[in-house]
1. How do the strands (runs of 3 or more DSSP E) wholly within region 204-287 filter down when requiring 1 or more residues that are under 25 Å from residue 142 (Cα atoms) and in contact with a strand residue (DSSP E or B) (Cβ under 9 Å, 6 or more places away or on another chain): which remain?
């Protein structure tokens, strides 16, 4: 196993809006950050078509192009962007030891974690084929494109209820597909969707197939009690069955909540390990937007800079 002899001042694990923003700030501060992009360079935005809610892009931008712009800006100021996957970490003592691609070890004074999260999907073929063509895991991101139309959303928790309510404000009708005969959401969120005339909850229903060739034209659903099938005429299909933070490699090394999100001190990106910071969707289960991820990436770089200054 090869090893870098020099200790990196700032190591950024993962890319996306949080990681690249941290890289921009850290490199401008003269900290010579090194970034390992992870298995999906650019993160979730690389599978997002139109991004219209990020400031500075008045005509909107394709997700992959936006991440390319972020990368170029980070590299312009001297970030060393490397393509590789961090496979294990040792935060027991400084400098921290990180293994990349199970073949190389490096040492770092500080580590910024920006590994993001991944949406949970149903796992059906049509969902994958029509992803970005009317299938989405973010109503706040993509609901605007289907204003005035009929849409469907699957899920029964707080996120699903929140997104169904959001969609009801801009869409003509929202079918909410719940596979059980009750919602898992909090009482206040349940009341919100049940009292909304534009939301029709289909209890005990599961998704069989999302219909359409180039874009979503409907969804075939099945009542799991009666076996009856029907087709809903919808223009979009939203999946709201949760997200999974990409934090497995940090298990046992850092404090996380019960769902695997890294815990940070309120108002900062500091973790329970001095010199290790977390930003973006790896620690944010509330907002999960590109612009909020970028904001915490900025915070992480500033926190790392102050930490390094205190050591010197």
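The values are calculated or read from the model by the stated rules, or taken from the named source; none is laboratory data. On a predicted model such as this, the values are computed, not experimentally measured, just so you know. Here the Cβ positions follow ideal geometry from the backbone for every residue, glycine too, while neighbour counts run over all protein chains shown.
1. Because the criterion is at least 1 residues that are under 25 Å from residue 142 (Cα atoms) and in contact with a strand residue (DSSP E or B) (Cβ under 9 Å, 6 or more places away or on another chain), the strands (runs of 3 or more DSSP E) in region 204-287 that meet it are 205-211, 218-223, 229-232, 236-239, 243-245.
Residue-wise test of (1) outside the structural domain of residue 179 (by TED's automatic domain parsing); (2) surrounded by fewer than 17 Cβ atoms within 10 Å (Cβ to Cβ); (3) under 21 Å from residue 63 (Cα atoms).
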site: 226; (1), (2), (3): no, yes, no
site: 253; (1), (2), (3): yes, no, no
site: 266; (1), (2), (3): yes, yes, no
site: 280; (1), (2), (3): yes, no, yes
site: 293; (1), (2), (3): yes, no, yes
